[in-house]
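One structure is given below, encoded as structure tokens.
The values are calculated or read from the model by the stated rules, or taken from the named source; none is laboratory data. Just so it is clear, the model here is predicted, and its values are computed rather than measured. Don't worry about glycine lacking a Cβ; one is built from the backbone with ideal geometry, like all the others, and counts go over all protein chains shown. Areas reflect the complete protein model, heavy atoms only, side chains present, ligands, DNA and RNA absent. Shrake-Rupley method; radii C 1.70, N 1.55, O 1.52, S 1.80 Å.
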Amino acid sequence: MPAPPWEDDRDTGPRLLDRPAGGGEDATVVMNVSATLALIGLAAALAGTVVAVVRGRGRRGIATATQRATFDVLHRAGLAAEPLRAGLTGTTAATAARHLHALVGGAGLALSGPDRLLALHGLGDHHRDQLEQGARRAVSTASTAVLSSQDLPCDVVDCPVRGAVIAPIGHPDGSAGALIAIADGDPAPGLVQAALETAQFVAAQIALAELDSSRAKLARAELRALRAQISPHFVYNALTAIASFVRTDPERARDLILEFAEFTRYSFRAHGEFTTLAEELRSIDRYLTIERARFGDRLQVRLQIAPEVLPVGLPFLCLQPLVENAVRHGLSRKPGLGTVSIIAHDSGAECLITVEDDGVGMDPAVLSQAGTGADEQPDAGQHVGLSNVDERLRAVFGDECGLVVETALGAGTKVSVRVPKFHPQVRARSAT
């Protein structure tokens with residue numbers, strides 16, 4: 001990528017002009033004085049230009065003390081939020097306490113869980129037991145405590161600790177812990193307020209961490225539900241198809257058993273919320289191999305996959321339900337030949353994927369009923385897999401990446417989805 005053009009803002013200075021005609025020493029003296037004055041004026045002008053440039057550049061950056069302080073607070077808060085979004089543990093508390101100490105000020109800062117001190121940064125470690133007891137009281141009563149030097153007796157000569165502010169970290173089910181601001185003098189009102197505000201900030205980050213954990217658990221539960229929904233139908237049909245070849249074509253029956261084993265191993269793997277398009281297509285190929293054993297020449301498959309999109313990451317088992325719906329609900333009810341088309345091609349920063357069948361199609365109203373969870377219609381429950389996939393795609397990539405379904409009775413069904421080729425959330429989760 002070519003480097004961006006940089007504008008040359010250097011001052012080239014005034015141009016030198018020809019001197020006027022003149023003669024004699026007087027003229028020379030006059031010219032010398034004039035030249036000297038001109039040089040002094042030029043130097044002053046250049047100095048003014050330099051000052052103007054410096055001031056101009058300062059205005060483009062963080063010029064005032066207020067702006068610098070605001071930037072520092074936001075920067076420190078961001079650094080503290082990152083570990084807290086993983087929950088309040090000894091490791092995350094140790095990292096966050098360092099940055100929170102810089103925000104709150106004082107001699108030191110500690111973070112406590114409901115029953116023990118998790119981390120302490122700065123001064124006051126020899127008061128750990130006293131601070132821990134104070135934190136437990138603050139957590140149990142859900143109230144802020146201000147400790148003086150009398151509450152923190154010490155045998156250390158010239159101990160700098162003269163007080164502390166203990167603020168509970170709020171939680172819907174009770175206090176999740178406490179934030180302790182350690183003071184080197186009597187705790188001032190400013191320190192008390194800073195401790196309270198920072199404790200609320202920590203509580204918000206912990207709540208977001210629990211929300212992320214709940215979403216992950218929900219995604220895993222939805223995936224288990226999807227597996228439970230798909231598997232009984234396919235397992236029964238697959239075993240029935242394999243049994244039909246045991247006597248007539250034992251070699252083919254053996255190959256189908258191996259394909260079935262690999263398919264189930266992939267579908268029921270216990271780790272990873274995400275996979276690659278290549279892995280998902282490999283599993284779909286095994287699924288279609290078994291289904292072709294059932295349908296014979298009635299089932300035709302058309303694949304059109306761009307090689308450059310094979311490494312794209314996507315939620316685990318998000319294409320398999322689309323293909324199974326096409327076969328099970330679209331083609332199995334159609335007399336004669338039926339075709340499933342799977343297309344994936346590159347579109348800049350996205351991968352466009354479509355699964356299409358030329359089967360019996362369905363009433364769009366029934367699909368809407370299934371998407372809302374209604375079960376009054378006889379066929380409403382058979383497309384729950386589509387709703388599951390749609391919700392998981394939207395949860396990961398955003399609402400603009402949900403499923404787009406085009407269908408009508410007798411016109412087949414086409415399901416399309418746009419998947420970002422590079423997504424930080426997918427890469428981070430895949431690495432864990």
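Structural remarks
- Condition met for Glu132 (more than 18 Å from Gly105 (Cα to Cα), open to solvent by 80 Å² or more (accessible area, probe 1.4 Å), outside any loop (DSSP other than H, G, I, E, B) and of a type in the set (D, E, K, R)): no
Yes/no matrix, rows are residues, columns are (1) of a type in the set (A, V, I, L, M); (2) open to solvent by less than 50 Å² (accessible area, probe 1.4 Å); (3) closer than 19 Å to Gly124 by Cα:
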site	(1), (2), (3)
Gly163	no, yes, yes
Ala178	yes, yes, yes
Phe201	no, no, no
Ala209	yes, yes, no
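- Figure legend. Inter-residue proximity from the stretch 411-432: first residues at pLDDT 65 or above, second residues crowded, with 18+ Cβ neighbours inside 10 Å and of a type in the set (S, T, N, Q), beta-carbon distance below 8 Å, spacing 6+ or different chains. Indicated pairs: Thr413/Asn325; Thr413/Thr407; Lys414/Thr407; Val415/Asn325.
- Cβ-Cβ contacts under 6 Å between residues 6 or more apart (or on different chains), taken from a first residue in the stretch 131-144 that is more than 10 Å from Gly177 (Cβ to Cβ) to a second residue that is β-branched (Val, Ile, Thr), are listed as Leu131/Ile180; Gly134/Ile166.
- Test: residue in the stretch 90-104 that is at pLDDT below 90 and in a loop (DSSP other than H, G, I, E, B): no
- Of the residues making up the stretch 113-124, one or more are open to solvent by less than 10 Å² (accessible area, probe 1.4 Å), out of contact with any Cys (no Cβ under 6 Å at 6 or more places or on another chain) and more than 14 Å from Ala181 (Cα to Cα).
- Sub-6 Å Cβ pairs linking a first residue in the stretch 240-266 that is free of Cβ contacts under 8 Å to residues at least 24 places away in the same chain to a second residue that is of a type outside the set (Val, Ile, Thr), at least 6 apart or interchain, are Val246/Ala253; Ala253/Phe245; Tyr266/Ser283, ordered by first then second residue.
- Hits in the stretch 268-290 (condition: open to solvent by 10 Å² or more (accessible area, probe 1.4 Å) and either under 23 Å from Glu251 (Cβ atoms) or assigned to a helix (DSSP H, G or I) (or both)): Ala278, Glu279, Leu281, Arg282, Asp285, Arg286, Thr289
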